[in-house]
Structures are given as structure tokens and as C-alpha cells.
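**Student:** Below you'll find the structure I mean.
Here, each number is a calculation from the coordinates, and none is a lab measurement. Source: prediction; values computed, not measured. Cβ: placed from backbone, ideal geometry, glycine included. Neighbour counts: every protein chain shown.
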Amino acid sequence: MSDPSPATKPPHHRRRILWLLLAAVVGLVALTLIINVVQRELRGPKDQPNPIVLTARQLDQLQLLIQQYVDEHRRSPGQTLEEALQTLADSGVDFDSPDWRSVADGRDTWEHPFIYVPTEQGTLIVRSIGSNGRHEHGGGDDIQRIIKLSP
């Protein structure tokens, strides 16, 4: 005896298949909604820029200012971040201008002070400790820039 064709299957089998298809569609819709919510949370509100991107821009600005100073004066602007910011201000950087205002206080987007590390290899590391507030020496969520101090 052969299997009955789909048209001749008992009605409870067809109902079971329809319920399975309906459950699969509902599951896919729910999964899509969850994915959209998670993506929206990761991106953050559209009118609020991502703090990681903002901090990376701050570090880029600070790197540019320090590198310009080093190229012109052939030395580091200071051994600490405070010294460097003061030296840059004394050399004519207008930290009140919109271009440089975000780095004037030496703090990242999360209000953590930047880490400023001169190295023996002739470089300078400027680092944000990231949103978690832990100095992970360039690991974890730290964001950093390495500035070459010699030509």
C-alpha cells in the first residue's frame, strides 16, 4: 500500500502543517523585531553621535595638534598632558575655536582624562580608557593614537 497523496491526507495532518507554518512565520517576525531593536540600541539615537566615534575624533585632533608641534619644534610639547596642552596653547592653538574645543580639557566623551604616555621608543601614546573607565593599556575598549616624535 502506498502513502496517501497530500490531497488525501487526513485533515488533522494539514492542520498541523498549517500551524507549524504559522508558528514559523510568527517566529521570523519576532526575530526580525528583536534584531531591529538591538541594532537601534547599538547605533544609538540618530541625533546623538556615537561616543566611540566622537572620542576617536578627539584623539585624531589631539594627534594632529601634537604632530604639528613636533614637526615644527622637533620636540614633544610636554611630559604630561597638562604640559602639552599648555605648550600648545602657548604656541598659538586657540582651544576656544570649534576645531579644538573638544580636546581643550583633556577629557574624552565619557569625561575620563586622556592618558598621555611618552615612550622610550621615540613615540607618544595618547589614549582614552573608553566607556568602562578602566585603563587596559590599549586593550579592551581603550582607544589610542601613537604619535611619532622624531622625523
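**Student:** Given the peptides 34-41, 141-148, 102-109, arrange them by the average over their residues of other C-beta atoms within 10 Å, most packed first.
**Tutor:** The peptides rank, most packed first, as 102-109, 141-148, 34-41.
**Student:** To continue, here is another question. Taking only DSSP H segments of four or more residues, each worth -39500 (n - 2.57), what value at 222 nm results for the chain once the sum is divided by all its residues, to the nearest 500 deg cm²/dmol?
**Tutor:** Computed mean residue ellipticity for the chain: -15000 deg cm²/dmol.
**Student:** Applying the Karplus parametrisation 6.51 cos²θ - 1.76 cosθ + 1.60 with θ = phi - 60° to the phi angles of region 108-120, what ³J(HN,Hα) value in whole Hz is obtained for each residue in order, glycine and proline being reported as x?
**Tutor:** Running phi through 6.51 cos²θ - 1.76 cosθ + 1.60 with θ = phi - 60° gives 7, 4, 8, 6, 8, x, 5, 8, 10, 10, x, 10, 6 Hz.
**Student:** Right, next: Is region 51-148 best put as rounded, prolate or oblate by its Cα gyration tensor, with a ≥ b ≥ c the root eigenvalues, rounded for a/c under 1.5, and otherwise prolate when a/b is larger than b/c, oblate when not?
**Tutor:** Oblate.
**Student:** Another question, then. Amide H to amide H, which residues 5 or more places from T123 or on other chains are under 5 Å from it, using H placed in the peptide plane?
**Tutor:** Result for T123 returns L149.
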